[in-house]
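Colleague: Next up is a structure, given as structure tokens.
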Amino acid sequence: MNTESIVYIARKLHWTRDEIGQLTPHQFNELLAELYFQESVDEWRKMHSVATILSAIYNTIPRKKGSQPLKAKDFLSSEMPQRHPRNEKTVEQLAKDKGIKTPKE
């Protein structure tokens with residue numbers, strides 16, 4: 001738990017320091033990760049709205065015959081943020097996948 005993260009959570013959720021202090025480190029990290037994810041989704045939606053407007057404006061400009069109209073995704077550099085399933089492998093499985101020998105072997 002660092003100061004910036006605590007202030008970020010307090011600002012986004014309007015929580016007090018006491019409420020944030022009651023969280024376990026795991027809960028704190030999970031909450032912070034969820035807030036970052038939700039913020040990235042909100043930001044992407046805003047960018048998509050702007051890209052839609054840009055494509056509509058661009059498509060009103062006369063072009064050569066046969067040219068394709070642009071879509072909002074043509075103005076965006078990435079797709080909407082997605083949740084990635086957690087990697088539930090154990091340390092031993094991860095080490096085996098990487099070819100690292102563990103003391104148990």
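The values are calculated or read from the model by the stated rules, or taken from the named source; none is laboratory data. Keep in mind it's a predicted model, so treat the numbers as computed, not measured. Please note: Cβ atoms are built from the backbone with ideal geometry, for glycine as well, and neighbour counts cover all protein chains shown.
Colleague: In contact (Cβ under 8 Å) with a residue 24 or more places away in the chain and part of a helix (DSSP H, G or I): does that describe LEU35? I'd like the intermediate steps shown before the answer.
Modeller: Details: in contact (Cβ under 8 Å) with a residue 24 or more places away in the chain: yes; part of a helix (DSSP H, G or I): yes.
Yes.
Colleague: Related question: For segment 61-90, which positions are of a type in the set (A, V, I, L, M, F, W, C) and not in a loop (DSSP other than H, G, I, E, B)? Please lay out each step first, then the result.
Modeller: Pass one, segment 61-90, residues of a type in the set (A, V, I, L, M, F, W, C): 61, 70, 72, 75-76, 80.
Listed by number, the list holds a single entry, ALA72.
Colleague: Could you tell me which residue of segment 1-50 is farthest from LYS71 (Cα to Cα), considering only residues that are under 19 Å from the mean Cα position of the chain (by Cα) and of a type in the set (Ser, Thr, Tyr)?
Modeller: Selected residue: SER5.
Colleague: Then there's this: Considering only residues that are assigned to a helix (DSSP H, G or I) and either loosely packed, with under 11 Cβ neighbours inside 10 Å or touching a helix residue (DSSP H, G or I) at 6+ places or on another chain (Cβ under 6 Å) (or both), which ones fall in segment 1-16?
Modeller: Matches in segment 1-16: THR3, GLU4, SER5, ILE6, ILE9, ARG11, LYS12.
Colleague: Any chance you could count how many residues in segment 9-38 are of a type in the set (Ser, Thr, Tyr) and touching a Leu at 6+ places or on another chain (Cβ under 7 Å)?
Modeller: Qualifying residue count, segment 9-38: 0.
Colleague: Pull out all pairs, ordered by first then second residue, where Cβ-Cβ is under 9 Å, the residues are six or more apart or on different chains, the first lies in segment 55-74 and is closer than 20 Å to TRP44 by Cα, and the second is loosely packed, with under 10 Cβ neighbours inside 10 Å and among the acidic types (Asp, Glu).
Modeller: From residues that are closer than 20 Å to TRP44 by Cα, the pairs are LYS73/GLU79.
Colleague: Quick check: is even one residue across segment 54-61 closer than 20 Å to ARG83 by Cβ, surrounded by 12 or more Cβ atoms within 10 Å (Cβ to Cβ) and over 16 Å from the mean Cα position of the chain (by Cα)? It would help to see each step written out before you state the result.
Modeller: Going through segment 54-61, the residues closer than 20 Å to ARG83 by Cβ turn out to be none.
Checked segment 54-61: no residue is closer than 20 Å to ARG83 by Cβ, surrounded by 12 or more Cβ atoms within 10 Å (Cβ to Cβ) and over 16 Å from the mean Cα position of the chain (by Cα).
Colleague: Residue pairs, Cβ under 8 Å, 6 or more apart or interchain, first in segment 77-98 and loosely packed, with under 10 Cβ neighbours inside 10 Å, second at pLDDT below 75 and among the basic types (Lys, Arg). List them.
Modeller: ASP97/LYS89
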